[in-house]
Amino acid sequence: MTSPAPAHREALRRALGPERVREAVALAPFTTFRIGGPADLFYEATDAGELARAILAAREIGLPHFLLGLGANILIGDRGFRGLVIRNRAQALDVDSQERTIRAESGAVVWPDLIETAISHGLSGLEHYPGIPSTVGGALWQNLHFLAPAPARERTMFIAEVTEAVEILTEEGERRTVGAGYFEFGYDTSILHHRRDVVLAATFRLTSEEPEVLRRIVRENLEWRRERHPPLDSEPSAGSIFKKIEGIGAGRLIDQCGLKGTRIGGAMVTPRHANIFINAGNATAADVRALIAHVQEVVERRTGYSLEPEISFVGEF
Ligand SMILES: Cc1cc2nc3c(=O)[nH]c(=O)nc-3n(C[C@H](O)[C@H](O)[C@H](O)COP(=O)(O)OP(=O)(O)OC[C@H]3O[C@@H](n4cnc5c(N)ncnc54)[C@H](O)[C@@H]3O)c2cc1C
């Protein structure tokens, strides 16, 4: 990939405002792994209209572009991204208490913003996802899910279950509203993995519940996570590295092979959870990729299972 031509840079500045398009912006601080080189061009969309305009402008110019949420499910290459990174900060939330719905722009942060708003209005359905870093757009991309711990709720809950309507900018450039069925949600997947549609906003249909009950569920879920997961602020990660292997568990295989604590450069399989790699200090994307390859090789040789990365690789490595 080559850097955008001066004419492309100028066209983008004209479309989005000269002072809003920044150059050579380091991406590491915008990811939960704290890893990644610079974007040639960088733009922050502050509402759904700006987001649609930025995507359309990049498409029209023919500029490679990437839409960034909280950067919690990606690894950005050390050489960064040749083209435009659009950081989604479209965060408006609208509650309709009578209808028991919340419309959230796609850059709204699920925890705490969306969940706290739902709880303060006595609305249930989102309290299963506290502590998970995600925008609404990222949540729909991957069908955000959580295996709720309490006995009465011991099953995997999916964001698809409360998703009613979604405003999208289609691959063809049309703005329309679709139902949840359009997304073909599955485990860790949706139609967004196959079509270049962009989520602009989503409406969640919730049910009534006492805020105290919801806060208790949030507390239980956070406690469950705290016991099992490395804390993001001191041990940056991208959550689970490999896809689930039904009935077996990628983490269990890695653990069986004695790989917890394995380190390459600054990247480490955390001793706390075998399927989570952390940035243990100045890790590069190359370190993480080398660790992924090493773990895949050992697990395949010893168990016969091949591990497939769950995270996406973005930009140049
Ligand atoms: C500590 C930790 C714990 C985690 N625990 C869980 C968990 O329990 N359950 C779970 O499901 N996940 C978990 N994850 C993974 C991650 O939180 C989710 O995948 C989350 O939904 C990613 O959202 P994001 O906004 O960061 O997306 P990003 O990582 O920024 O982007 C991911 C993909 O979504 C695309 N995308 C983002 N916004 C849009 C949009 N508006 N329209 C179209 N495409 C878009 C991006 O282009 C990219 O391809 C965890 C991650 C971490 C770091």
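The values are calculated or read from the model by the stated rules, or taken from the named source; none is laboratory data. Given the structure is predicted, the values throughout are model-derived calculations rather than measurements. FYI the Cβ positions are ideal-geometry reconstructions off the backbone, even for glycines, and counts take in every protein chain you see. Surface accessibility is based on the protein's heavy atoms, side chains included, excluding ligands, DNA and RNA. Shrake-Rupley method; radii C 1.70, N 1.55, O 1.52, S 1.80 Å.
Structure data summary
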item: Separation in nanometres of the label points that stand 7 Å from Cα toward Cβ, at Asp113 and Gln98; result: 2.7
item: Inter-site label distance for Ala293 and Arg59 at 7 Å from Cα along Cβ, in nm; result: 3.6
item: Gain upon complete extension [Arg252, Glu184; 0.36 nm per residue less C-alpha separation]; result: 21.6 nm
item: Whole-number accessible area per residue in Å² for the chain, which is evaluated in the context of all protein chains at 1.4 Å; result: 44
item: Rounded to the nearest 10 Å², the accessible area of Ser124 at probe 1.4 Å; result: 20
item: Carbon + sulfur, % of accessible area of the chain - ligands and nucleic acids excluded, 1.4 Å; result: 49
item: Counting all C-alpha pairs of the range 167-246, share separated by more than 17 Å (%); result: 68
item: Backbone N within the range 78-107 under 20 Å of label point (7 Å from Arg205 Cα along the Cβ vector); result: 94-105
item: Mean projected area in nm² (Cα convex hull; one quarter of hull surface) for the range 55-173; result: 9.0
item: Hull volume in cubic angstrom per residue (convex hull over the Cα atoms of the range 1-116); result: 107
item: Point-to-point label distance, Ser312-Arg226, nm (Cα→Cβ direction, 7 Å offset); result: 3.3
item: Max mean-square fluctuation residue, GNM over the chain, Cα-Cα springs under 10 Å, options Pro133, Pro38, Pro18; result: Pro18
item: Computed Kirkwood radius, in angstrom, where 1/r is averaged over Cα pairs of the range 144-288; result: 18.1
item: Cα-Cα pairs of the chain separated by more than 33 Å (percent); result: 28
item: Length added when fully stretched, Arg219-Arg14, from 0.36 nm per residue minus Cα-Cα; result: 69.0 nm
item: Trypsin sites (Lys or Arg not before Pro) lying in DSSP loop within the range 126-196, provided at most 15 other Cβ fall within 10 Å; result: Arg155, Arg195, Arg196
